[in-house]
Amino acid sequence: MAIKNKDAITGQQAVTTTPTPLATIDGYGCLIKNMSTSTVTIFVGGEDINTTGGGGFELEIGAAINLEVPNADRIYVVAASTGARVCWIGERL
C-alpha cells in the first residue's frame, strides 16, 4: 500500500480467542500483519469470524493482507489460542 498523504495511522493489538475489531480508521486501505513475535496463526474476517469451519481468512505468523474498507473497525481478528499480536497501518483519505 503506497501512502499518498501524510495522514497515515498505525497500531498494534493483541489477538485473543474472542473476535475483536481493529481500531477505527476512516479511510480506504488497511494493511494487517500477524507480527513475527506471534506464536499462533490468526484469522481475519467479519463480525462472525471463527477459527474453525472456514470462518475467516488464515494469516500465518509474519504474513500480511491488504484490505480496502471504509473503516477498519469492520475487520475482526481472532486466534485459536493466546500468543498472537497484529499490527496495522491505514491511510485516511
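Computed quantities for the displayed model
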| quantity | calculated |
| --- | --- |
| Low-density loop cleavage sites - GluC sites (Glu not before Pro) in the range 41-83, where at most 13 other Cβ are within 10 Å (DSSP) | E47, E60 |
| Longest DSSP-loop-exposure-free segment, trypsin sites (Lys or Arg not before Pro), the chain, at most 16 other Cβ within 10 Å | 7-91 |
| Solvent-accessible area per residue for the chain (1.4 angstrom probe, square angstrom) | 55 |
| Lys, Arg +1 and Asp, Glu -1 on Cβ, resulting dipole of the range 14-93 about Cα centre, debye, nearest 20 | 200 |
| For the chain, radius of gyration divided by Kirkwood radius, i.e. Rg to Rh on alpha-carbons | 0.96 |
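The values are calculated or read from the model by the stated rules, or taken from the named source; none is laboratory data. Only a predicted model underlies this, so the values are computations on that prediction, with no experimental measurement involved. Don't worry about glycine lacking a Cβ; one is built from the backbone with ideal geometry, like all the others, and counts go over all protein chains shown. What goes into the accessible areas is simple: the full protein's heavy atoms, side chains included, and nothing from ligands, DNA or RNA. Shrake-Rupley method; radii C 1.70, N 1.55, O 1.52, S 1.80 Å.
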